[in-house]
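In what follows, a single structure is set out as structure tokens and then discussed.
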Amino acid sequence: MDRTSRVVSAEEMARQREFGAQVKALYERRGRVPMAYTQTFGCQQNEADTELIRGMLAEMGFGFCTDIDQADIVIINTCAIREHAEDRVYGNVGELSHAKKKNPALVTVLCGCMAQQQHVADRIKNSYPYVDIVFGTHALPRFPQILFECLSRKKRVFDLEGDEKGAILEGVTPVRKQGHRAWLSIMYGCNNFCSYCVVPYVRGRERSRTPDVILEEFRSLVAQGYKDITLLGQNVNSYGSDLDGACDFPTLLEMINDVPGEFWVRFMTSHPKDASTRLFDVMAKCEKVCASIHLPVQAGSDRVLREMNRRYTAEKYLSLVEYARSVMPDITMTSDIIVGFPGETNEEFQETVDLLEKVRFDSLFTFIFSPRRGTKAWDMPDPMSREDKQKNFDRLLEVQNRISKEKNDEYVGRRVRVLVGEEENEKSYNNEYTKQSRTEGFKLVYLRGAEGLEGRFVDAIIERSSTWALFGSVADGESN
Ligand code: SAH
Ligand code: SF4
Ligand code: F3S
């Protein structure tokens with residue numbers, strides 16, 4: 001495999017650094033450090049992309065601010081997964097007009113999945129004249145050039161160009177959030193074309209980073225003190241299928257597990273069609289790989305799954321769950337469900353409820369189907385009313401909330417390992433449990449007696465539970 005054709009070339013990187021240096025010089029002439037304000041919608045992959053953009057901004061001399069009034073540049077990294085996500089972005093973009101009035105030199109930027117769509121770029125061009133730059137996911141490596149063009153020519157820049165097999169950007173150091181948790185993208189894009197989903201259209205085809213660069217970044221995260229690291233991809237189970245068999249996902253997990261240091265590693269998302277028994281065997285064997293999986297099932301009816309182009313049956317899904325639990329009895333499982341896919345009947349919806357009762361997920365992310373332009377499901381006949389879909393949705397939540405509470409109850413009285421976070425518990429009714437922490441299964445535990453233990457793994461005794469969280473205290477012998 002010719003690695004050089006898969007990543008942005010050294011010449012192109014040098015060219016972009018040159019543009020970056022010119023941006024830096026432009027602001028230096030204005031005599032101060034320019035400030036950037038970033039806002040991210042959507043999934044963790046978008047969070048990771050924003051961290052890369054912040055890395056490029058830092059190279060160009062920018063500092064970062066949390067108050068938009070202090071910003072020289074505002075970057076909104078957008079999500080297109082559902083209409084609601086896009087509406088929220090349009091709302092926020094509208095507010096930029098005030099910021100721009102206060103500070104006409106402010107550069108306003110829209111990027112990411114939503115921006116990759118031509119119809120969105122057209123709408124911004126015509127109706128939101130105070131947006132200076134729109135660039136899509138494929139143009140990310142060209143960001144310094146785009147910014148330089150906007151600043152030097154004082155004109156709006158729209159860049160949706162790019163190959164959907166686009167080269168991977170390497171060599172930029174992401175500016176991550178402080179704390180103990182970090183994201184690490186191991187691949188980009190998606191090949192699956194689930195019939196409802198816009199992701200393959202806005203992020204292009206699957207492209208895997210090579211194991212050597214992933215391991216290098218992983219080691220550096222551990223050295224920086226990150227303790228809970230999530231490997232990201234739209235379908236991590238097909239990691240490496242474009243690397244000529246050099247490495248697959250379970251092998252990558254084994255290599256990461258061998259990295260020295262105290263950490264947990266987890267991953268998302270796994271597509272059930274590509275989840276293998278070997279994946280679960282490796283998870284069970286590798287003690288730093290969390291016994292926890294997000295395995296989106298989407299629906300319980302085989303007809304609906306077929307229409308969704310998911311390429312597995314409910315039975316296949318249940319057999320995966322059974323196998324995972326046979327090798328990791330304590331594994332936590334979460335999933336995504338779409339309610340009201342076009343043509344889904346109430347009987348078919350009942351099959352989703354039945355599946356939930358069989359699997360008993362720890363928690364669930366539930367969505368009402370949202371038609372996405374350009375996808376196959378956009379044109380499918382969709383006779384069920386919004387009200388009926390909402391009723392099914394509410395019922396699903398009721399069932400899941402009961403199961404979540406029952407699952408959490410099982411933890412009461414148990415001693416579990418947790419990683420203590422920085423965040424405080426803001427809910428005053430439980431304010432003796434002041435610190436947030438997470439279990440290996442990513443359950444939220446509010447802790448008492450954990451002051452000064454931020455960033456450490458400790459044992460906790462679970463005392464109480466709710467639908468959403470556990471409450472406990474630090475076990476004896478664990479404090480400083
Ligand atoms: N790659 C991941 C999911 C990414 S999108 C996977 O395959 O599991 C996250 C979730 O959003 C999906 O699992 C799905 O449940 C939901 N989703 C995607 N498109 C949607 C749409 N058009 N309407 C409603 N929910 C959608
Ligand atoms: Fe979308 Fe399906 Fe790809 Fe997930 S696997 S990103 S749901 S097309
Ligand atoms: Fe949204 Fe793009 Fe992620 S559409 S969910 S931000 S891949």
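The values are calculated or read from the model by the stated rules, or taken from the named source; none is laboratory data. On a predicted model such as this, the values are computed, not experimentally measured, just so you know. In this analysis, Cβ positions are derived from the backbone assuming ideal geometry, glycine residues included, and neighbour counts consider all displayed protein chains. Heavy atoms of the whole protein, side chains included, go into the accessibility calculation; ligands, DNA and RNA do not. Shrake-Rupley method; radii C 1.70, N 1.55, O 1.52, S 1.80 Å.
Listing for the model above:
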{"item": "Looking only at region 330-342, and only at residues there that are away from ligand 1 (no atom under 14 Å from the Cβ) and of a type outside the set (D, E, K, R), the one that is nearest to Arg386 (Cα to Cα)", "result": "Thr332"}
{"item": "Residue count, region 283-319 (criterion: within 27 Å of Asn346 (Cβ to Cβ), outside any loop (DSSP other than H, G, I, E, B) and within 16 Å of ligand 2 (Cβ to nearest atom))", "result": "7"}
{"item": "Given (1) in contact with a strand residue (DSSP E or B) (Cβ under 7 Å, 6 or more places away or on another chain); (2) farther than 21 Å from Ile81 by Cβ, index of the condition Glu422 fails", "result": "(1)"}
{"item": "Qualifying position, being of a type in the set (A, V, I, L, M, F, W, C) and either crowded, with 19+ Cβ neighbours inside 10 Å or under 28 Å from Leu243 (Cβ atoms) (or both), among Ala85, Ala14, Ala21, Ala25", "result": "Ala14"}
{"item": "Check on Leu253, within 16 Å of ligand 2 (Cβ to nearest atom), over 16 Å from Arg205 (Cα atoms), open to solvent by less than 40 Å² (accessible area, probe 1.4 Å) and in contact (Cβ under 8 Å) with a residue 24 or more places away in the chain", "result": "no"}
{"item": "One residue from Thr434, Thr366 being open to solvent by less than 90 Å² (accessible area, probe 1.4 Å), away from ligand 3 (no atom under 16 Å from the Cβ) and not acidic (Asp, Glu)", "result": "Thr434"}
{"item": "Residue match in region 90-107 (condition: crowded, with 22+ Cβ neighbours inside 10 Å and either away from ligand 2 (no atom under 16 Å from the Cβ) or farther than 19 Å from Leu184 by Cα (or both))", "result": "no"}
{"item": "Pair list, Cβ < 8 Å and 6+ apart or interchain, from region 192-204 residues that are among the polar types (S, T, N, Q) to residues that are in a helix (DSSP H, G or I) and near ligand 2 (Cβ under 6 Å from one of its atoms)", "result": "Asn192/Pro200"}
{"item": "Tally, over region 149-171, of residues that are in contact with a Gly (Cβ under 8 Å, 6 or more places away or on another chain) and open to solvent by less than 40 Å² (accessible area, probe 1.4 Å)", "result": "3"}
{"item": "Any hit, region 186-201, residues being open to solvent by 20 Å² or more (accessible area, probe 1.4 Å), away from ligand 2 (no atom under 11 Å from the Cβ), in a loop (DSSP other than H, G, I, E, B) and over 17 Å from Val259 (Cβ atoms)", "result": "no"}
{"item": "Boolean, Val74 is open to solvent by less than 20 Å² (accessible area, probe 1.4 Å) and assigned to a helix (DSSP H, G or I)", "result": "no"}
